Amino acid sequence: MGNQARAIVWAQWRTTRNHFPRSNKAALAVNAVLTLVWYGGFAFLAGLAAILFSNPDELSFIHDVLPTALLVCFLYWQLIPVLMASMGSSLDIKKLLVYPIPTGQLFTLEVVLRISTGVEMLLLLTGAGIGLVLNPKIPFWGPSALLVFVILNLFCSAGVRDLLVRLLARKRVREVVALLVVLLAALPQLLVFAGFQNRIRRLFTGQPSPFWPWTATARLAQGEASFENIGVLLIWTAAAYLFGRWQFERSLAVDMPERAASAGRKASRIEWLYRVPSALVPDPLAALIEKELRFLSRAPRFRLVFLMGFSFGLLIWAPIAFGQASSQHSLVAENYLTFVSVYALLLLTDALFWNCFGFDRSAAQIYFLVPLKMSTVLMGKNLAAAFIVFLEIASITVVCTLLRMSVTPLQVLEALAVTCVVTIFLLAIGNLSSLYNPRSINPAKSFRSAASGKTQAALMLTFPLALTPVFLAYLARYAFNSEWAFFGVLLAGLMLGGVVYSYSMASAVKTAEERKEQIMTVLGQGEGPIQS
(Lines give C-alpha, C1' and ligand atoms only; values in the text may rest on other atoms or scores of the structure.)
Protein backbone atom coordinates (compact mmCIF):
# COMPACT_ATOMS: atom_id res chain seq x y z
CA MET A 1 0.00 0.00 0.00
CA GLY A 2 1.47 3.32 -1.13
CA ASN A 3 2.06 6.51 0.78
CA GLN A 4 -1.19 8.05 -0.47
CA ALA A 5 -3.25 5.12 0.79
CA ARG A 6 -1.52 5.29 4.17
CA ALA A 7 -2.32 9.01 4.29
CA ILE A 8 -6.02 8.24 3.70
CA VAL A 9 -6.04 5.71 6.54
CA TRP A 10 -4.19 8.14 8.80
CA ALA A 11 -6.67 10.95 8.01
CA GLN A 12 -9.61 8.66 8.79
CA TRP A 13 -7.96 7.59 12.04
CA ARG A 14 -7.45 11.23 13.05
CA THR A 15 -11.08 12.06 12.16
CA THR A 16 -12.35 9.18 14.28
CA ARG A 17 -9.97 10.02 17.13
CA ASN A 18 -11.02 13.68 17.16
CA HIS A 19 -14.68 12.67 17.11
CA PHE A 20 -14.36 10.27 20.05
CA PRO A 21 -13.91 12.81 22.91
CA ARG A 22 -17.12 14.63 21.88
CA SER A 23 -19.21 11.48 21.46
CA ASN A 24 -21.55 9.99 24.02
CA LYS A 25 -19.57 7.45 26.02
CA ALA A 26 -22.67 5.66 27.27
CA ALA A 27 -24.01 5.24 23.74
CA LEU A 28 -20.62 4.01 22.59
CA ALA A 29 -20.60 1.48 25.43
CA VAL A 30 -24.08 0.22 24.49
CA ASN A 31 -23.08 -0.06 20.83
CA ALA A 32 -19.92 -1.89 21.82
CA VAL A 33 -21.89 -4.39 23.90
CA LEU A 34 -24.44 -4.98 21.13
CA THR A 35 -21.69 -5.39 18.56
CA LEU A 36 -19.83 -7.78 20.85
CA VAL A 37 -22.97 -9.88 21.33
CA TRP A 38 -23.71 -10.01 17.60
CA TYR A 39 -20.22 -10.86 16.43
CA GLY A 40 -19.63 -13.01 19.50
CA GLY A 41 -22.43 -15.28 18.31
CA PHE A 42 -20.70 -15.74 14.95
CA ALA A 43 -17.36 -16.24 16.69
CA PHE A 44 -19.00 -19.06 18.68
CA LEU A 45 -20.26 -20.64 15.45
CA ALA A 46 -16.77 -20.24 14.00
CA GLY A 47 -15.37 -22.13 16.99
CA LEU A 48 -17.86 -24.94 16.41
CA ALA A 49 -16.85 -25.05 12.74
CA ALA A 50 -13.18 -25.25 13.73
CA ILE A 51 -13.87 -28.17 16.10
CA LEU A 52 -15.96 -30.01 13.51
CA PHE A 53 -13.57 -29.49 10.59
CA SER A 54 -10.54 -30.53 12.65
CA ASN A 55 -12.00 -34.01 13.25
CA PRO A 56 -10.34 -36.47 10.82
CA ASP A 57 -13.36 -38.78 11.07
CA GLU A 58 -15.66 -36.16 9.52
CA LEU A 59 -14.11 -35.98 6.05
CA SER A 60 -17.20 -37.32 4.30
CA PHE A 61 -19.36 -34.79 6.16
CA ILE A 62 -16.98 -31.97 5.23
CA HIS A 63 -17.04 -33.11 1.60
CA ASP A 64 -20.84 -32.92 1.51
CA VAL A 65 -21.34 -29.73 3.52
CA LEU A 66 -18.46 -27.41 2.60
CA PRO A 67 -19.59 -26.50 -0.97
CA THR A 68 -23.08 -25.57 0.25
CA ALA A 69 -21.64 -23.65 3.20
CA LEU A 70 -19.41 -21.62 0.87
CA LEU A 71 -22.39 -20.92 -1.41
CA VAL A 72 -24.32 -19.58 1.60
CA CYS A 73 -21.32 -17.42 2.55
CA PHE A 74 -21.16 -16.00 -0.97
CA LEU A 75 -24.89 -15.21 -1.05
CA TYR A 76 -24.76 -13.63 2.41
CA TRP A 77 -21.77 -11.46 1.50
CA GLN A 78 -23.36 -10.18 -1.70
CA LEU A 79 -27.09 -10.05 -0.88
CA ILE A 80 -27.48 -9.19 2.81
CA PRO A 81 -26.03 -5.64 2.40
CA VAL A 82 -28.60 -5.05 -0.36
CA LEU A 83 -31.49 -6.46 1.67
CA MET A 84 -30.51 -4.35 4.68
CA ALA A 85 -29.82 -1.27 2.49
CA SER A 86 -26.40 -1.14 4.15
CA MET A 87 -23.29 -1.17 1.96
CA GLY A 88 -20.65 -0.96 4.68
CA SER A 89 -17.66 1.38 4.80
CA SER A 90 -16.40 2.88 1.55
CA LEU A 91 -14.23 5.66 0.18
CA ASP A 92 -15.71 9.13 -0.21
CA ILE A 93 -14.61 9.60 -3.80
CA LYS A 94 -15.68 13.25 -4.04
CA LYS A 95 -13.17 14.17 -1.33
CA LEU A 96 -10.33 12.14 -2.83
CA LEU A 97 -10.51 12.92 -6.55
CA VAL A 98 -8.81 16.29 -6.05
CA TYR A 99 -5.65 14.55 -4.83
CA PRO A 100 -3.06 12.84 -7.10
CA ILE A 101 -3.76 9.33 -5.80
CA PRO A 102 -3.26 6.40 -8.21
CA THR A 103 -6.49 4.62 -9.10
CA GLY A 104 -4.96 1.28 -8.16
CA GLN A 105 -4.41 2.37 -4.55
CA LEU A 106 -7.97 3.71 -4.27
CA PHE A 107 -9.34 0.45 -5.64
CA THR A 108 -7.23 -1.56 -3.21
CA LEU A 109 -8.57 0.42 -0.26
CA GLU A 110 -12.14 0.09 -1.57
CA VAL A 111 -11.74 -3.68 -1.82
CA VAL A 112 -10.31 -3.94 1.70
CA LEU A 113 -13.24 -1.89 3.04
CA ARG A 114 -15.64 -4.51 1.60
CA ILE A 115 -14.71 -6.62 4.63
CA SER A 116 -17.14 -4.43 6.59
CA THR A 117 -20.11 -6.03 4.79
CA GLY A 118 -19.06 -9.62 5.49
CA VAL A 119 -17.40 -9.73 8.89
CA GLU A 120 -19.78 -12.50 9.96
CA MET A 121 -18.82 -14.72 7.04
CA LEU A 122 -15.15 -13.88 7.50
CA LEU A 123 -15.36 -15.18 11.07
CA LEU A 124 -17.00 -18.40 9.92
CA LEU A 125 -14.47 -18.92 7.13
CA THR A 126 -11.64 -18.28 9.59
CA GLY A 127 -13.03 -20.91 11.93
CA ALA A 128 -13.40 -23.40 9.08
CA GLY A 129 -9.87 -22.64 7.90
CA ILE A 130 -8.39 -23.18 11.35
CA GLY A 131 -10.23 -26.49 11.61
CA LEU A 132 -8.91 -27.65 8.23
CA VAL A 133 -5.37 -26.64 9.21
CA LEU A 134 -5.62 -28.76 12.37
CA ASN A 135 -7.09 -31.74 10.51
CA PRO A 136 -4.23 -34.23 9.97
CA LYS A 137 -5.87 -35.66 6.83
CA ILE A 138 -6.00 -32.28 5.06
CA PRO A 139 -2.85 -31.04 3.26
CA PHE A 140 -1.31 -27.95 4.80
CA TRP A 141 -1.86 -25.93 1.64
CA GLY A 142 -5.57 -26.78 1.35
CA PRO A 143 -7.09 -24.06 3.56
CA SER A 144 -5.31 -21.37 1.52
CA ALA A 145 -8.10 -21.80 -1.05
CA LEU A 146 -10.46 -20.14 1.44
CA LEU A 147 -8.28 -17.01 1.32
CA VAL A 148 -8.67 -16.85 -2.47
CA PHE A 149 -12.44 -17.31 -1.99
CA VAL A 150 -12.49 -14.33 0.41
CA ILE A 151 -10.63 -12.19 -2.14
CA LEU A 152 -13.16 -13.22 -4.80
CA ASN A 153 -16.01 -12.09 -2.54
CA LEU A 154 -14.29 -8.77 -1.87
CA PHE A 155 -13.85 -8.03 -5.57
CA CYS A 156 -17.42 -9.00 -6.35
CA SER A 157 -18.82 -6.99 -3.42
CA ALA A 158 -16.87 -3.90 -4.54
CA GLY A 159 -18.30 -4.21 -8.05
CA VAL A 160 -21.87 -4.71 -6.84
CA ARG A 161 -21.64 -1.69 -4.55
CA ASP A 162 -20.24 0.67 -7.18
CA LEU A 163 -22.78 -0.51 -9.75
CA LEU A 164 -25.74 0.03 -7.42
CA VAL A 165 -24.51 3.38 -6.11
CA ARG A 166 -23.98 4.68 -9.63
CA LEU A 167 -27.38 3.51 -10.85
CA LEU A 168 -29.14 4.86 -7.78
CA ALA A 169 -27.56 8.28 -8.42
CA ARG A 170 -29.71 8.70 -11.54
CA LYS A 171 -32.93 10.42 -10.66
CA ARG A 172 -34.93 8.94 -13.53
CA VAL A 173 -34.04 5.32 -12.87
CA ARG A 174 -33.40 5.31 -9.11
CA GLU A 175 -36.73 3.81 -8.04
CA VAL A 176 -36.79 1.41 -11.01
CA VAL A 177 -33.35 0.09 -10.11
CA ALA A 178 -34.33 -0.23 -6.46
CA LEU A 179 -37.42 -2.21 -7.44
CA LEU A 180 -35.40 -4.52 -9.69
CA VAL A 181 -32.89 -5.11 -6.90
CA VAL A 182 -35.73 -5.91 -4.53
CA LEU A 183 -37.29 -8.34 -7.00
CA LEU A 184 -33.92 -9.99 -7.63
CA ALA A 185 -33.31 -10.39 -3.91
CA ALA A 186 -36.78 -11.91 -3.51
CA LEU A 187 -36.33 -14.26 -6.48
CA PRO A 188 -35.70 -17.37 -4.31
CA GLN A 189 -38.93 -16.69 -2.42
CA LEU A 190 -40.84 -16.28 -5.68
CA LEU A 191 -39.43 -19.53 -7.02
CA VAL A 192 -40.53 -21.35 -3.88
CA PHE A 193 -43.94 -19.74 -4.12
CA ALA A 194 -44.21 -20.89 -7.76
CA GLY A 195 -43.43 -24.50 -6.86
CA PHE A 196 -39.74 -24.68 -7.78
CA GLN A 197 -38.63 -25.59 -4.27
CA ASN A 198 -37.47 -29.05 -5.35
CA ARG A 199 -35.07 -27.57 -7.88
CA ILE A 200 -33.81 -25.08 -5.30
CA ARG A 201 -33.35 -27.90 -2.81
CA ARG A 202 -31.30 -29.83 -5.37
CA LEU A 203 -29.13 -26.73 -5.84
CA PHE A 204 -28.15 -26.83 -2.16
CA THR A 205 -28.27 -30.59 -1.50
CA GLY A 206 -27.48 -32.21 -4.84
CA GLN A 207 -24.10 -32.83 -6.39
CA PRO A 208 -22.66 -29.34 -6.97
CA SER A 209 -21.36 -28.38 -10.38
CA PRO A 210 -17.55 -28.37 -10.54
CA PHE A 211 -17.60 -25.09 -12.45
CA TRP A 212 -18.85 -22.95 -9.54
CA PRO A 213 -16.23 -21.11 -7.44
CA TRP A 214 -17.57 -22.45 -4.12
CA THR A 215 -17.30 -26.03 -5.39
CA ALA A 216 -13.74 -25.53 -6.61
CA THR A 217 -12.80 -23.82 -3.34
CA ALA A 218 -14.28 -26.63 -1.26
CA ARG A 219 -12.41 -29.29 -3.23
CA LEU A 220 -9.12 -27.42 -3.04
CA ALA A 221 -9.57 -26.80 0.68
CA GLN A 222 -9.89 -30.57 1.17
CA GLY A 223 -6.68 -31.23 -0.77
CA GLU A 224 -8.23 -32.23 -4.10
CA ALA A 225 -5.67 -30.42 -6.25
CA SER A 226 -6.35 -30.50 -9.97
CA PHE A 227 -5.93 -28.16 -12.90
CA GLU A 228 -9.71 -28.02 -13.21
CA ASN A 229 -10.29 -26.85 -9.62
CA ILE A 230 -7.42 -24.38 -9.68
CA GLY A 231 -8.45 -23.04 -13.09
CA VAL A 232 -12.10 -22.59 -12.11
CA LEU A 233 -11.25 -20.70 -8.93
CA LEU A 234 -8.68 -18.47 -10.62
CA ILE A 235 -10.97 -17.69 -13.57
CA TRP A 236 -13.84 -16.70 -11.27
CA THR A 237 -11.48 -14.60 -9.14
CA ALA A 238 -10.09 -12.86 -12.23
CA ALA A 239 -13.63 -12.22 -13.49
CA ALA A 240 -14.61 -10.76 -10.10
CA TYR A 241 -11.51 -8.53 -10.16
CA LEU A 242 -12.27 -7.25 -13.66
CA PHE A 243 -15.90 -6.63 -12.73
CA GLY A 244 -14.98 -4.77 -9.53
CA ARG A 245 -12.24 -2.70 -11.18
CA TRP A 246 -14.47 -1.86 -14.16
CA GLN A 247 -17.32 -0.65 -11.96
CA PHE A 248 -14.96 1.29 -9.69
CA GLU A 249 -13.36 3.16 -12.59
CA ARG A 250 -16.77 3.91 -14.10
CA SER A 251 -17.81 5.38 -10.74
CA LEU A 252 -14.71 7.59 -10.79
CA ALA A 253 -15.58 8.87 -14.26
CA VAL A 254 -19.18 9.79 -13.39
CA ASP A 255 -19.75 13.26 -11.95
CA MET A 256 -22.49 12.35 -9.51
CA PRO A 257 -23.01 15.85 -8.07
CA GLU A 258 -23.72 17.23 -11.53
CA ARG A 259 -25.97 14.31 -12.35
CA ALA A 260 -27.91 14.76 -9.14
CA ALA A 261 -28.33 18.48 -9.75
CA SER A 262 -31.40 19.68 -11.57
CA ALA A 263 -31.90 22.82 -13.57
CA GLY A 264 -35.21 23.50 -11.98
CA ARG A 265 -37.78 21.77 -9.85
CA LYS A 266 -41.34 21.42 -11.02
CA ALA A 267 -44.27 21.56 -8.67
CA SER A 268 -44.81 18.20 -7.03
CA ARG A 269 -47.87 16.16 -7.96
CA ILE A 270 -48.47 15.46 -4.29
CA GLU A 271 -48.31 19.10 -3.23
CA TRP A 272 -51.75 18.71 -1.69
CA LEU A 273 -50.39 16.02 0.61
CA TYR A 274 -47.77 18.37 2.04
CA ARG A 275 -50.52 20.89 2.85
CA VAL A 276 -52.61 18.45 4.88
CA PRO A 277 -50.85 19.24 8.22
CA SER A 278 -51.63 22.96 7.83
CA ALA A 279 -55.33 22.12 7.70
CA LEU A 280 -55.19 19.98 10.84
CA VAL A 281 -52.73 21.60 13.26
CA PRO A 282 -51.46 25.18 13.76
CA ASP A 283 -48.00 26.51 13.06
CA PRO A 284 -45.17 26.03 13.92
CA LEU A 285 -46.07 22.34 14.34
CA ALA A 286 -47.70 22.20 10.90
CA ALA A 287 -44.63 23.79 9.29
CA LEU A 288 -42.33 21.25 10.95
CA ILE A 289 -44.47 18.33 9.76
CA GLU A 290 -44.63 19.72 6.22
CA LYS A 291 -40.87 20.22 6.18
CA GLU A 292 -40.29 16.59 7.24
CA LEU A 293 -42.68 15.23 4.62
CA ARG A 294 -41.13 17.31 1.84
CA PHE A 295 -37.58 16.40 2.79
CA LEU A 296 -38.15 12.68 3.27
CA SER A 297 -40.06 12.35 0.01
CA ARG A 298 -36.97 13.67 -1.81
CA ALA A 299 -34.38 11.62 0.11
CA PRO A 300 -33.25 8.56 -1.89
CA ARG A 301 -32.35 6.65 1.27
CA PHE A 302 -35.86 7.02 2.69
CA ARG A 303 -37.61 6.32 -0.61
CA LEU A 304 -35.68 3.07 -0.98
CA VAL A 305 -36.79 1.63 2.36
CA PHE A 306 -40.34 2.94 1.87
CA LEU A 307 -40.53 1.18 -1.49
CA MET A 308 -39.11 -2.03 -0.03
CA GLY A 309 -41.82 -2.04 2.63
CA PHE A 310 -44.73 -2.69 0.26
CA SER A 311 -42.78 -4.62 -2.39
CA PHE A 312 -40.07 -6.78 -0.89
CA GLY A 313 -42.05 -7.14 2.33
CA LEU A 314 -44.94 -8.72 0.45
CA LEU A 315 -42.67 -11.03 -1.51
CA ILE A 316 -40.60 -12.23 1.44
CA TRP A 317 -43.65 -13.35 3.46
CA ALA A 318 -45.81 -14.71 0.61
CA PRO A 319 -44.14 -18.16 0.31
CA ILE A 320 -44.26 -18.61 4.09
CA ALA A 321 -47.95 -17.71 4.24
CA PHE A 322 -49.29 -19.16 0.98
CA GLY A 323 -46.67 -21.69 -0.12
CA GLN A 324 -47.61 -25.23 -1.03
CA ALA A 325 -46.51 -26.54 2.35
CA SER A 326 -48.41 -23.84 4.24
CA SER A 327 -51.89 -24.13 5.59
CA GLN A 328 -54.45 -21.46 4.77
CA HIS A 329 -55.13 -21.24 8.51
CA SER A 330 -51.50 -20.86 9.62
CA LEU A 331 -50.43 -18.00 11.86
CA VAL A 332 -48.64 -16.16 9.05
CA ALA A 333 -51.46 -16.69 6.52
CA GLU A 334 -54.16 -15.42 8.88
CA ASN A 335 -52.04 -12.40 9.92
CA TYR A 336 -50.22 -11.81 6.64
CA LEU A 337 -51.03 -8.09 6.49
CA THR A 338 -49.79 -7.61 10.06
CA PHE A 339 -46.52 -9.47 9.43
CA VAL A 340 -45.78 -7.41 6.33
CA SER A 341 -46.67 -4.18 8.14
CA VAL A 342 -44.35 -4.92 11.06
CA TYR A 343 -41.56 -5.84 8.62
CA ALA A 344 -42.07 -2.53 6.78
CA LEU A 345 -41.91 -0.74 10.13
CA LEU A 346 -38.62 -2.52 10.80
CA LEU A 347 -37.19 -1.17 7.54
CA LEU A 348 -38.30 2.37 8.36
CA THR A 349 -36.88 2.33 11.89
CA ASP A 350 -33.44 3.72 11.08
CA ALA A 351 -34.76 6.52 8.87
CA LEU A 352 -37.69 7.65 11.04
CA PHE A 353 -37.06 6.79 14.69
CA TRP A 354 -33.54 6.07 15.89
CA ASN A 355 -31.80 9.12 14.48
CA CYS A 356 -34.46 11.68 13.61
CA PHE A 357 -31.94 14.57 13.39
CA GLY A 358 -29.51 12.66 11.15
CA PHE A 359 -30.86 13.93 7.84
CA ASP A 360 -30.80 17.54 9.12
CA ARG A 361 -27.05 17.31 9.82
CA SER A 362 -25.58 20.76 10.55
CA ALA A 363 -28.95 22.42 9.83
CA ALA A 364 -30.23 20.91 13.09
CA GLN A 365 -28.65 23.83 14.95
CA ILE A 366 -31.60 25.97 13.86
CA TYR A 367 -33.77 24.06 16.34
CA PHE A 368 -31.56 25.30 19.17
CA LEU A 369 -31.23 28.89 17.95
CA VAL A 370 -34.81 29.91 17.17
CA PRO A 371 -37.38 30.47 19.95
CA LEU A 372 -38.94 27.05 19.48
CA LYS A 373 -39.52 24.40 22.12
CA MET A 374 -37.66 21.15 21.61
CA SER A 375 -40.82 19.28 22.51
CA THR A 376 -42.52 20.93 19.52
CA VAL A 377 -39.65 19.90 17.22
CA LEU A 378 -39.76 16.30 18.39
CA MET A 379 -43.54 16.24 18.18
CA GLY A 380 -43.39 17.48 14.58
CA LYS A 381 -40.90 14.79 13.61
CA ASN A 382 -42.90 12.12 15.45
CA LEU A 383 -46.20 13.09 13.82
CA ALA A 384 -44.55 13.10 10.39
CA ALA A 385 -43.13 9.63 11.12
CA ALA A 386 -46.55 8.37 12.24
CA PHE A 387 -48.14 9.76 9.08
CA ILE A 388 -45.55 8.00 6.92
CA VAL A 389 -46.16 4.73 8.77
CA PHE A 390 -49.87 5.13 8.02
CA LEU A 391 -49.07 5.70 4.32
CA GLU A 392 -46.91 2.58 4.33
CA ILE A 393 -49.68 0.44 5.80
CA ALA A 394 -52.17 1.93 3.34
CA SER A 395 -49.81 1.14 0.44
CA ILE A 396 -49.42 -2.45 1.63
CA THR A 397 -53.21 -2.81 1.88
CA VAL A 398 -53.74 -1.39 -1.62
CA VAL A 399 -51.12 -3.69 -3.15
CA CYS A 400 -52.63 -6.73 -1.40
CA THR A 401 -56.05 -5.75 -2.72
CA LEU A 402 -54.74 -5.29 -6.27
CA LEU A 403 -53.13 -8.74 -6.08
CA ARG A 404 -56.54 -10.11 -5.05
CA MET A 405 -55.37 -11.36 -1.70
CA SER A 406 -57.92 -11.87 1.02
CA VAL A 407 -57.97 -8.60 2.97
CA THR A 408 -60.82 -8.08 5.44
CA PRO A 409 -61.60 -4.92 7.41
CA LEU A 410 -60.70 -6.78 10.61
CA GLN A 411 -57.25 -7.62 9.23
CA VAL A 412 -56.68 -3.98 8.25
CA LEU A 413 -57.75 -2.86 11.72
CA GLU A 414 -55.45 -5.44 13.32
CA ALA A 415 -52.47 -4.32 11.23
CA LEU A 416 -53.10 -0.67 12.09
CA ALA A 417 -53.53 -1.42 15.80
CA VAL A 418 -50.36 -3.50 16.01
CA THR A 419 -48.24 -0.97 14.12
CA CYS A 420 -49.62 1.90 16.24
CA VAL A 421 -48.57 0.15 19.45
CA VAL A 422 -45.11 -0.70 18.11
CA THR A 423 -44.67 2.80 16.63
CA ILE A 424 -45.36 4.65 19.87
CA PHE A 425 -42.73 2.60 21.71
CA LEU A 426 -40.24 3.10 18.88
CA LEU A 427 -40.88 6.85 19.00
CA ALA A 428 -40.28 6.89 22.75
CA ILE A 429 -36.99 5.03 22.35
CA GLY A 430 -36.02 6.96 19.23
CA ASN A 431 -36.42 10.41 20.80
CA LEU A 432 -33.79 9.51 23.38
CA SER A 433 -31.45 7.68 21.02
CA SER A 434 -31.58 10.62 18.57
CA LEU A 435 -30.20 12.92 21.28
CA TYR A 436 -27.88 10.55 23.10
CA ASN A 437 -26.38 9.05 19.96
CA PRO A 438 -26.90 11.46 17.02
CA ARG A 439 -25.02 10.90 13.79
CA SER A 440 -24.98 12.76 10.51
CA ILE A 441 -26.56 10.94 7.55
CA ASN A 442 -26.24 11.79 3.88
CA PRO A 443 -29.83 11.55 2.54
CA ALA A 444 -28.62 11.43 -1.08
CA LYS A 445 -27.17 7.95 -0.59
CA SER A 446 -29.71 5.21 -0.98
CA PHE A 447 -27.68 2.74 1.07
CA ARG A 448 -26.41 3.15 4.59
CA SER A 449 -22.67 3.17 5.19
CA ALA A 450 -22.93 1.54 8.61
CA ALA A 451 -22.19 -2.15 8.73
CA SER A 452 -25.23 -4.38 8.83
CA GLY A 453 -23.98 -6.24 11.90
CA LYS A 454 -24.39 -3.18 14.14
CA THR A 455 -27.88 -2.63 12.78
CA GLN A 456 -28.78 -6.23 13.47
CA ALA A 457 -27.42 -6.00 17.01
CA ALA A 458 -29.46 -2.88 17.75
CA LEU A 459 -32.61 -4.47 16.33
CA MET A 460 -31.98 -7.56 18.44
CA LEU A 461 -32.37 -5.49 21.61
CA THR A 462 -34.84 -2.74 20.69
CA PHE A 463 -37.48 -4.37 18.53
CA PRO A 464 -38.41 -7.20 20.93
CA LEU A 465 -39.07 -4.60 23.62
CA ALA A 466 -41.43 -2.69 21.32
CA LEU A 467 -43.16 -5.94 20.30
CA THR A 468 -43.78 -7.17 23.85
CA PRO A 469 -47.36 -5.74 24.10
CA VAL A 470 -48.14 -7.32 20.71
CA PHE A 471 -46.95 -10.73 21.91
CA LEU A 472 -49.16 -10.39 24.97
CA ALA A 473 -52.14 -9.45 22.78
CA TYR A 474 -51.76 -12.54 20.61
CA LEU A 475 -51.35 -14.63 23.74
CA ALA A 476 -54.63 -13.19 25.07
CA ARG A 477 -56.37 -14.01 21.80
CA TYR A 478 -55.11 -17.60 21.99
CA ALA A 479 -56.02 -18.00 25.67
CA PHE A 480 -59.51 -16.48 25.52
CA ASN A 481 -60.29 -17.14 21.85
CA SER A 482 -61.68 -13.61 21.64
CA GLU A 483 -60.97 -10.61 19.43
CA TRP A 484 -62.14 -8.38 22.28
CA ALA A 485 -59.32 -9.74 24.46
CA PHE A 486 -56.82 -9.14 21.64
CA PHE A 487 -57.78 -5.53 21.01
CA GLY A 488 -58.20 -4.91 24.73
CA VAL A 489 -54.60 -5.88 25.42
CA LEU A 490 -53.47 -3.76 22.46
CA LEU A 491 -55.41 -0.81 23.88
CA ALA A 492 -53.72 -1.31 27.25
CA GLY A 493 -50.36 -1.49 25.46
CA LEU A 494 -51.17 1.73 23.59
CA MET A 495 -52.00 3.49 26.86
CA LEU A 496 -48.79 2.20 28.43
CA GLY A 497 -46.92 3.41 25.35
CA GLY A 498 -48.46 6.85 25.80
CA VAL A 499 -47.17 7.00 29.37
CA VAL A 500 -43.71 5.84 28.28
CA TYR A 501 -43.76 8.37 25.44
CA SER A 502 -44.61 11.27 27.77
CA TYR A 503 -41.77 10.41 30.13
CA SER A 504 -39.44 9.90 27.16
CA MET A 505 -40.40 13.30 25.75
CA ALA A 506 -39.70 15.06 29.06
CA SER A 507 -36.36 13.28 29.35
CA ALA A 508 -35.50 14.08 25.72
CA VAL A 509 -36.20 17.80 26.20
CA LYS A 510 -33.94 17.86 29.25
CA THR A 511 -31.25 15.91 27.40
CA ALA A 512 -31.39 18.28 24.43
CA GLU A 513 -30.75 21.25 26.70
CA GLU A 514 -27.90 19.54 28.55
CA ARG A 515 -26.17 18.14 25.45
CA LYS A 516 -26.88 20.99 23.05
CA GLU A 517 -23.25 21.69 22.22
CA GLN A 518 -22.33 18.03 21.74
CA ILE A 519 -25.32 17.38 19.52
CA MET A 520 -24.61 20.32 17.22
CA THR A 521 -20.93 19.40 17.05
CA VAL A 522 -21.60 15.78 16.11
CA LEU A 523 -24.29 16.59 13.53
CA GLY A 524 -22.18 19.33 11.98
CA GLN A 525 -19.06 17.24 11.70
CA GLY A 526 -18.17 15.96 8.24
CA GLU A 527 -16.95 12.49 7.45
CA GLY A 528 -13.37 11.56 6.79
CA PRO A 529 -12.13 10.13 3.48
CA ILE A 530 -13.69 6.80 4.48
CA GLN A 531 -17.44 6.68 5.00
CA SER A 532 -18.21 4.44 7.93
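The values are calculated or read from the model by the stated rules, or taken from the named source; none is laboratory data. The structure presented is a predicted model; accordingly, all values stated were derived computationally and were not measured. Glycine gets a Cβ as well: all are built from the backbone with ideal geometry, and neighbour counts include every protein chain shown. The protein model used for the area step is the full one, side chains on, heavy atoms only, and it has no ligands, DNA or RNA in it. Shrake-Rupley method; radii C 1.70, N 1.55, O 1.52, S 1.80 Å.
Go through (1) closer than 24 Å to Y503 by Cα; (2) among the β-branched types (V, I, T); (3) touching a Ser or Thr at 6+ places or on another chain (Cβ under 9 Å) one by one and return the number of the condition I393 breaks.
Evaluating I393 over (1) closer than 24 Å to Y503 by Cα; (2) among the β-branched types (V, I, T); (3) touching a Ser or Thr at 6+ places or on another chain (Cβ under 9 Å) leaves (1) as the failure.
Could you check region 339-348 and list, in sequence order, the residues that are hydroxyl-bearing (S, T, Y) and buried (at least 23 other Cβ atoms within 10 Å of the Cβ)?
S341
Looking at the structure I just gave you, is S311 touching a Lys or Arg at 6+ places or on another chain (Cβ under 8 Å) and modelled with pLDDT of 75 or more?
When the stated conditions are applied, S311 does not pass them.
When you scan region 372-419, how many residues do you find that are closer than 21 Å to G488 by Cβ and in a helix (DSSP H, G or I)?
11
Could you check region 286-298 and list, in sequence order, the residues that are modelled with pLDDT of 80 or more and either closer than 22 Å to R361 by Cβ or open to solvent by 40 Å² or more (accessible area, probe 1.4 Å) (or both)?
Taking region 286-298 as the starting set, the residues that turn out to be modelled with pLDDT of 80 or more are 286-297.
Passing the criteria: A287, L288, I289, E290, K291, E292, L293, R294, F295, L296, S297.
Could you check region 494-515 and list, in sequence order, the residues that are open to solvent by 50 Å² or more (accessible area, probe 1.4 Å), farther than 13 Å from N431 by Cα and touching a residue at least 24 places away in the same chain (Cβ under 8 Å)?
Across region 494-515, the qualifying residues are L494, L496, E513.
What are the residue pairs meeting all of these: first residue in region 471-493, first residue within 15 Å of T419 (Cβ to Cβ), second residue among the aromatic types (F, W, Y) and in a helix (DSSP H, G or I), Cβ atoms under 6 Å, and 6 or more apart or on different chains?
Qualifying pairs under 6 Å: A473/F486.
Looking at region 228-242 only, could you name the residues that are open to solvent by 60 Å² or more (accessible area, probe 1.4 Å) and modelled with pLDDT of 90 or more?
Selection gives I230, L234, I235, W236, Y241, L242.
To keep it simple, each residue is scored yes or no on (1) part of a helix (DSSP H, G or I); (2) open to solvent by 40 Å² or more (accessible area, probe 1.4 Å); (3) at pLDDT 85 or above.
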| residue | (1), (2), (3) |
| --- | --- |
| L66 | yes, no, yes |
| L70 | yes, no, yes |
| P81 | yes, no, no |
| K95 | yes, yes, no |
| Y99 | no, yes, no |
| V112 | yes, yes, no |
| A145 | yes, no, yes |
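Against the conditions (1) surrounded by 15 or more Cβ atoms within 10 Å (Cβ to Cβ); (2) modelled with pLDDT of 90 or more, where does Y474 fall short? Just the number, please.
(2)
Working only within region 366-404, note down all residues that are in contact (Cβ under 8 Å) with a residue 24 or more places away in the chain, open to solvent by less than 50 Å² (accessible area, probe 1.4 Å) and either more than 20 Å from E290 (Cβ to Cβ) or aromatic (F, W, Y) (or both).
F368, I393, S395, I396, T397, V399, C400
Checking R170 against (1) under 30 Å from R298 (Cα atoms); (2) at pLDDT 65 or above; (3) surrounded by 15 or more Cβ atoms within 10 Å (Cβ to Cβ), which test does it fail?
Every listed condition holds for R170 apart from (3).
Can you confirm whether E514 is more than 27 Å from the chain's Cα centre (by Cα) and at pLDDT below 85?
Details: more than 27 Å from the chain's Cα centre (by Cα): yes; at pLDDT below 85: yes.
Criteria met by E514.
Checking S251 against (1) at pLDDT below 85; (2) out of contact with any Lys or Arg (no Cβ under 6 Å at 6 or more places or on another chain); (3) part of a helix (DSSP H, G or I): exactly one of these is not met. Which one?
Condition (2) is where S251 drops out.
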